1. For a quick check: sort A:Ile7, B:Ile31 by the number of other beta carbons within 10 angstrom, fewest at the front.
2. Could you please report the charge total around B:Gly57, scoring K, R as +1 and D, E as -1 over all other residues with beta-carbon less than 10 angstrom from its beta-carbon?
3. Can you give the longest stretch of chain A with no exposed loop site, where a site means GluC sites (Glu not before Pro) in a DSSP loop (not H, G, I, E or B) with at most 15 other C-beta atoms within 10 Å?
4. Would you mind listing the distances between the A:Gly208 label point and the same position in each other copy? Use 7 Å along Cα-to-C-beta, nm, one decimal, shortest first.
5. Which distances, shortest first and in nm, link B:Gln219 to the matching position in the other copies, using label points set 7 Å out along Cα to C-beta?
6. Residue-wise, which Karplus ³J(HN,Hα) couplings in Hz belong to the stretch B:214-219, taking 6.51 cos²θ - 1.76 cosθ + 1.60, θ = phi - 60°, and x for glycine or proline?
7. From the Cα gyration tensor of the stretch A:125-180, with a ≥ b ≥ c the square roots of its eigenvalues, which class applies: rounded if a/c is under 1.5, or else prolate if a/b is larger than b/c, or else oblate?
8. Non-local amide H neighbours of A:Ser42 (under 5 Å, H modeled in plane, Pro and chain starts lacking H): which ones?
There are 2 protein chains.
Amino acid sequence: EIAEQVIAFFQKKTLLGKKVLITAGPTFEAIDPVRGITNHSSGKMGFAIARAAVEAGAQVQLIAGPCDLATPLEATGKIARTNVTSAKEMHLAVLNDADYDIFFAVAAVADWGIAKPSKEKIKRQGKDAPSIEFIANPDILLDVAKTVKNKGGKPHPYCVGFAAESTDLEAHAAEKRQRKGIPMVVGNIGHETFGSDLNQLLVVDENGSKKIAKAEKLQLARQLIALVAKKI
Amino acid sequence: EIAEQVIAFFQKKTLLGKKVLITAGPTFEAIDPVRGITNHSSGKMGFAIARAAVEAGAQVQLIAGPCDLATPLEATGKIARTNVTSAKEMHLAVLNDADYDIFFAVAAVADWGIAKPSKEKIKRQGKDAPSIEFIANPDILLDVAKTVKNKGGKPHPYCVGFAAESTDLEAHAAEKRQRKGIPMVVGNIGHETFGSDLNQLLVVDENGSKKIAKAEKLQLARQLIALVAKKI
């Protein structure tokens with residue numbers, strides 16, 4: 001932790017005085033008291049971006065779905081963490097925040113929740129599978145994008161979305177950027193990198209796309225922070 | 001690890017020469033490459049039983065669903081671990097094993113799997129929620145119970161099931177014991193103890209039920225191993 005703080009101290013302070021909001025990890029949509037739908041996100045990429053943002057001098061608000069990761073650089077006092085479980089809770093926590101300069105929507109948020117979670121464990125009795133009714137979850141990134149204002153010719157907050165696709169990453173990332181109305185989407189090949197410390201990013205912005213070569217997630221996060229710092 | 005081995009050395013060798021098969025952790029049923037259905041099991045109770053069994057002198061085969069726990073007492077060479085993801089894989093791994101003296105079915109196995117997991121990530125486009133078709137998973141404990149033979153008047157292997165219910169624990173545990181045709185079911189109040197190091201057990205066997213008071217999972221596991229050792 002002391003070594004980490006020394007390393008952090010020597011990073012470029014490209015986000016000094018800025019406030020950064022980051023979502024990270026998976027969400028968990030309860031089916032009953034013991035079961036639920038989740039996804040493979042480990043939270044590592046979001047937590048790496050949180051660390052890189054603190055290193056760059058920012059004040060960070062980290063909103064984390066269920067994952068076992070420690071809050072990075074906690075001793076600096078420059079990072080606050082809120083733990084949530086479902087997409088609805090994450091939406092509430094994000095919309096509750098205000099006046100930040102950058103929003104990184106890194107969490108792998110469930111698109112659908114369970115309409116009526118059972119209060120008791122659904123039992124196996126009989127061979128009939130349960131019928132589960134889904135409802136669309138709120139779209140966190142879209143709702144934040146709607147709050148964006150123009151501040152000196154630049155979007156405020158600057159929103160960065162993430163795309164984890166199994167195919168056609170570049171097309172999907174560009175399409176997501178248009179659909180959400182945000183300036184930047186970062187793509188990573190999800191099922192190859194979930195849980196790994198390595199990753200490879202494709203940054204899609206108004207200038208087109210740019211690869212950040214395979215590296216440790218913290219290295220990628222630092223490069224991404226440097227890129228975004230130039231945008232605001 | 002050395003301290004743990006010394007502690008293990010001084011435990012009663014009630015299972016010397018016995019072979020114990022244990023399932024632990026949750027299972028994960030893939031919906032698509034990034035999403036799936038899982039449950040709140042941390043694997044801690046199953047791993048504690050594995051540790052207590054090695055301490056008691058047994059040779060342990062641990063079949064673990066996705067969880068981040070280290071294999072206990074690995075350096076003793078008395079424990080082998082197989083990692084699986086889905087209930088089907090766990091079923092295969094368990095049925096692949098043979099000639100063990102005790103089976104602890106501790107894993108929280110998904111009752112239903114996904115009929116046709118999507119090879120590509122299901123996209124959010126549109127507001128229609130996906131329709132997911134479930135299929136019943138194989139019943140691991142029931143299939144092992146069918147292989148039980150009478151050996152000197154005692155069931156071989158001796159099967160111990162686990163019940164995690166949110167209500168009426170004793171009735172549910174007793175009913176499960178009858179339905180699966182096994183001599184012992186251990187109940188724990190699931191949603192209160194998932195992920196915790198503490199637990200409280202209710203042991204239901206042919207003599208009725210017996211509480212093991214709230215304690216660390218390893219303490220409970222040692223008491224449970226002592227109880228089961230008397231049965232075989």
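1. A:Ile7, B:Ile31
2. Cβ neighbours under 10 Å give a net charge of +3.
3. A:2-119
4. Output for A:Gly208: 8.0 nm, nearest copy listed first.
5. Once sorted, the set of distances for B:Gln219 reads 4.8 nm.
6. 3, 7, 4, 4, 5, 4
7. It comes out oblate by the Cα gyration axes.
8. Here the answer is A:Gly195, since their amide H atoms fall under 5 Å of that of A:Ser42.
Where a number appears in this text, it was derived from the coordinates with a stated rule and is not lab data. What you see is a predicted model; the values in this text were computed from it and never measured. Note that each Cβ is placed from the backbone with ideal geometry, even for glycine, and that neighbours are counted across all protein chains shown.
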